[in-house]
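Written below as C-alpha cells is the structure these notes are about.
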Number of protein chains: 2
Amino acid sequence: MTSPLEKARKDPESMKARILAGARRVFGAHGFHGTTTRMIANEVGIDISTLHYHWGEKKDLYQAAVTDIYKDLGQQLIDVEKVIHGKPLAERIAVSIDMMVDYLFEHPEVSNLVMLRYFGQTRHDPLIDVKIPEFTADIARSMELCRDGKHVSARAMMEVWTLMNSIHNFIAGESFFRPMVKLGEKQYIALVKETLKFIHIPAFAQRVNANS
Amino acid sequence: MTSPLEKARKDPESMKARILAGARRVFGAHGFHGTTTRMIANEVGIDISTLHYHWGEKKDLYQAAVTDIYKDLGQQLIDVEKVIHGKPLAERIAVSIDMMVDYLFEHPEVSNLVMLRYFGQTRHDPLIDVKIPEFTADIARSMELCRDGKHVSARAMMEVWTLMNSIHNFIAGESFFRPMVKLGEKQYIALVKETLKFIHIPAFAQRVNANS
DNA sequence: ACGGTTTTCCATCATTTGATTGAATCATTG
DNA sequence: CAATGATTCAATCAAATGATGGAAAACCGT
C-alpha cells in the first residue's frame, strides 16, 4: 500500500524521484510562479513531456514537492526531539538550533519553500499545510509550553513560530544577508547559530526562572 | 529637481501615482513573477498600455514599487526613532515593536514585498537594496549595539535582522498563521506584539544587566 | 474655438508557457 | 525472439503575457 509519492522516495534513481528532487530545488529557488516546467525538466536533463507523463500538471508536482518537503522536515524534527529529550530547557533550545541550522543549510530548498509558502499567496490546496500545526504542537510540547499535552495555546504556537521562522529566515535569506555581513559560509552559519541562541534562550529561560 | 518617483508621490491622484500604489499592492500580494501587468492595470481600473506609457516595462515598475516601499519604511523608522529617543532600552524595544506592528499592519504590502525580496531570488538590480544595510545600521545604533557610531559589526546586524524579520514574518504571514490560531484581527495583532516583546526584550536586557 | 500636446484605449504582435499528440525507444515477459 | 506495455522525446497547440502602434479622447494655453 504505497502512494505514488512513497514509491518515488523509495528509489531515488527512478525518473519520478529525480523529477521530484529537481522540482524541490527549482521551486525552492524561484517559487511556484517563478518556476517553469521547462526549468525543472532542464534541471533534471529531460524533456517536459516526460515530466508531465510522470507528474501530470505543474500544480500537482508542486504539491508533491511541498508534501515531500514537509515529510523530510517532520522526520528531522523527530530526530531532534530524540536527541534533546530529557535535557534542561536552555540546552534543548541550543541543541535544537544547532541541529536545525545544520540540517536546513544542507537542504536550503526546505526553508526556501516553507518561507515562500508562508508569504507568497500560492496556496491552491490548503489541506497540504495541515502538517504545520502538527509540527508546531509537537515542538510546543517538546519545549514544555503546554500545561497538558492536549491543548496548545495560541500564545505557545506564536512562540514556536518566532523561533522556527528566525531559523528559516537566515537560511532562505542567505543570498541576501550573507553578502551584507561579508562572511564566508562557515562563519555565517556559526554566526547564525550564535545570534539565534543569544536571542531565544533568555526568553524561555525567564519563564523557567519564574517557575523556580 | 524632482525624480519621476518623487513627482508621483507628490500628487497621489495622478495616474502615475495610482499605478504605483496599485503595483505596490499587487506585487506585494503575489510577488514579481505571480503578478501580471494586466492584474495591476485591472486593480487600478485602466488599460495595460496606459500602464506601460507611464512606467515602461514591468521590471521598471517593480523596481519603482520596491524603492517606494523602502522610502516609506525608512520614514517610519525615523518616526520611531524620534519617539523612543532617550528612553531606557527595554522600553525602546517595546515601543518600537508596538509602532512597527501597527504601521506594518496598516501597510501589509510593505512586509510582503520585503519578505518576498529576501526569499524569492528576484533581484534584478542589487543597487535597490542598499537601503537595507543603511536601515540596519541605523537601528543598530538606535539600540546601542555599536561601540562607536561608525562601525556596525556583523553580529549587531544579525540581531537587528532577527528582530525586524520576526515582525515582518507575522505581518506578511498573517493569512497563513492567523487561521491556525483562530483569532480575530485585533486579537492577533495584540498577541503578535505580546509574543515579540516576550521573546526579544530579555535577549537585549541580559546585555544591559551584564554591563551594569 | 483652435492647434498642439498629452493621455488613454483598442487591436495586435511576438514570445513564453503549460500541456498534448504520436512516433520512436526501451524494458519485460512469455 | 516476438509481442506487449511502459517510457521518452520531437513537434505542436492553445492560452497567457509583456509590449507596441495608432486612433480616439482629454487637456491646455492662446
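Some values worked out for this structure:
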{"quantity": "Out of B:A190, B:A205, B:A137, sole residue that is without any contact (Cβ under 8 Å) to a residue 12 or more places away in the chain and either part of a helix (DSSP H, G or I) or more than 7 Å from chain A (Cβ to nearest Cβ) (or both)", "calculated": "B:A190"}
{"quantity": "Residues of the stretch A:104-134 satisfying the condition of being open to solvent by less than 10 Å² (accessible area, probe 1.4 Å) and away from chain B (no Cβ under 11 Å)", "calculated": "A:L104, A:V110"}
{"quantity": "Inter-residue pairs, beta-carbon under 9 Å, first more than 14 Å from every other protein chain (Cβ to nearest Cβ) and outside any helix (DSSP H, G or I) and in the stretch B:42-60, second within 8 Å of DNA strand C (Cβ to nearest atom) and of a type in the set (G, A, S), 6+ apart", "calculated": "B:D47/B:A41"}
{"quantity": "Candidate set from the stretch A:21-41 (those that are assigned to a helix (DSSP H, G or I), open to solvent by 20 Å² or more (accessible area, probe 1.4 Å) and not basic (K, R)); member that is farthest from DNA strand D (Cβ to nearest atom)", "calculated": "A:A29"}
{"quantity": "Conditions (1) open to solvent by 80 Å² or more (accessible area, probe 1.4 Å); (2) without any contact (Cβ under 8 Å) to a residue 40 or more places away in the chain; (3) within 14 Å of chain B (Cβ to nearest Cβ); (4) of a type in the set (K, R): number failed by A:R18", "calculated": "(3)"}
{"quantity": "Looking only at the stretch A:47-63, and only at residues there that are within 12 Å of DNA strand D (Cβ to nearest atom) and hydrophobic (A, V, I, L, M, F, W, C), the one that is farthest from A:I19 (Cα to Cα)", "calculated": "A:I48"}
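Here is a yes/no grid of residues against (1) within 21 Å of the chain's Cα centre (by Cα); (2) of a type in the set (F, W, Y); (3) farther than 19 Å from B:L113 by Cα:
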| position | (1), (2), (3) |
| --- | --- |
| B:E13 | no, no, yes |
| B:R18 | yes, no, no |
| B:E43 | no, no, no |
| B:S49 | no, no, yes |
| B:H54 | no, no, yes |
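The values are calculated or read from the model by the stated rules, or taken from the named source; none is laboratory data. None of the values given here were measured: they were computed from a predicted structure. Cβ coordinates were reconstructed from backbone atoms using ideal geometry, including for glycine residues, and neighbour counts include every protein chain displayed. Surface areas here come from the heavy atoms of the whole protein model, side chains and all, with no ligands, DNA or RNA. Shrake-Rupley method; radii C 1.70, N 1.55, O 1.52, S 1.80 Å.
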